[in-house]
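The values are calculated or read from the model by the stated rules, or taken from the named source; none is laboratory data. Computed from a predicted model, the values in this text were never measured in an experiment. Cβ coordinates were reconstructed from backbone atoms using ideal geometry, including for glycine residues, and neighbour counts include every protein chain displayed. Accessible surface areas use protein heavy atoms only, side chains included; no ligands, DNA or RNA. Shrake-Rupley method; radii C 1.70, N 1.55, O 1.52, S 1.80 Å.
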Amino acid sequence: MERTDVPGLATQSDGRWDFPRLVKPPLPSGSPGPFAVGNAIGAHHADLRALLLPAPEGATEDRALRGSDGWLAAKDYLAEYPVKEERDELGQKLVDSGLRHIAARGWTTPDGTRTRIYLLRFDTANVVATEFASDAVAFTTPTYQIRDAAEVVYDEDFPEAAAVTRIARTAYVETKPYGAEQVRQAYLSAGDVFAVILQSRKGTAEPVPFQQTVVLQSQLLG
């Protein structure tokens, strides 16, 4: 018998999900990777839609996030932000920063955890780092409030060992007392792409699936 088939010896699951085997999409002929020498602007030449993390096994995909031909309208992304003044400010910042595309994917797992991933592509890595990410993300709390996320703090329990080379990551967690559900959020700067990862669940949003989702999406963008 396999060890995992023997009662009492099987390794208990830590809550992580089963994802399909991840394969980065091929680059167009002659195009460098986003962090290759000579790619000064940090461009992702692969199809941005193919860089989205696939849904895990058993999850139900949110087809509304597919948008038109796989591209999500900015207004649909901005719907994550409930405060009108902040939503308007962020929308103008997207325009001023030269947003090119938004690719998105979302799913709900059987335990009720809802995940949304947004990949926002700009002209250069410099735009992401200096004109967008620096304003959208603060150390202690995000600049813009996410829907259903009240009191949010920097996620100090996100393991530093899970960092992905060349990907800047900032993660936050909603603190008690929260409402009907808890929201976790992460922001990634990866070359010319700024990624927003949101995960929520009634009661408590477990840390392991969130960390797993963030790390795997980071690896696809790296």
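Summary of computed values
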{"item": "First in the stretch 121-142 and without any contact (Cβ under 8 Å) to a residue 60 or more places away in the chain, second anywhere and aliphatic (A, V, I, L, M), Cβ under 7 Å, 6 or more apart", "result": "140/153; 141/152; 141/153; 142/152"}
{"item": "Selection count, the stretch 127-141, where residues are surrounded by 15 or more Cβ atoms within 10 Å (Cβ to Cβ) and not in a strand (DSSP E or B)", "result": "7"}
{"item": "Residue that is modelled with the lowest pLDDT [pool: residues in the stretch 120-151 that are of a type in the set (Val, Ile, Thr) and within 17 Å of the chain's Cα centre (by Cα)]", "result": "137"}
{"item": "Matching residues, the stretch 191-210, being out of contact with any strand residue (DSSP E or B) (no Cβ under 8 Å at 6 or more places or on another chain) and surrounded by 19 or more Cβ atoms within 10 Å (Cβ to Cβ)", "result": "191"}
{"item": "Every residue from the stretch 169-190 that is in contact with an Asp or Glu (Cβ under 7 Å, 6 or more places away or on another chain), open to solvent by 10 Å² or more (accessible area, probe 1.4 Å) and either over 18 Å from residue 15 (Cβ atoms) or acidic (Asp, Glu) (or both)", "result": "175, 179, 181"}
{"item": "All strands (runs of 3 or more DSSP E) inside the stretch 142-222 with 3 or more residues being among the hydrophobic types (A, V, I, L, M, F, W, C) and under 22 Å from residue 33 (Cα atoms)", "result": "193-202"}
{"item": "Residues (outside any helix (DSSP H, G or I), out of contact with any strand residue (DSSP E or B) (no Cβ under 6 Å at 6 or more places or on another chain), within 24 Å of residue 214 (Cβ to Cβ) and open to solvent by less than 30 Å² (accessible area, probe 1.4 Å)) located in the stretch 74-124", "result": "80, 81, 97, 109, 122"}
{"item": "Selection from the stretch 35-73 of residues that are at pLDDT below 95, open to solvent by 80 Å² or more (accessible area, probe 1.4 Å) and in a loop (DSSP other than H, G, I, E, B)", "result": "37, 40, 69"}
{"item": "Tally of residues being surrounded by 11 or more Cβ atoms within 10 Å (Cβ to Cβ) and hydroxyl-bearing (Ser, Thr, Tyr) across the stretch 148-168", "result": "1"}
{"item": "Selection count, the stretch 170-180, where residues are modelled with pLDDT of 95 or more and over 10 Å from residue 155 (Cα atoms)", "result": "0"}
{"item": "Scan of the stretch 11-34 for residues that are open to solvent by 40 Å² or more (accessible area, probe 1.4 Å) and more than 30 Å from residue 110 (Cα to Cα), ordered by number", "result": "26, 27, 28, 29, 30, 32"}
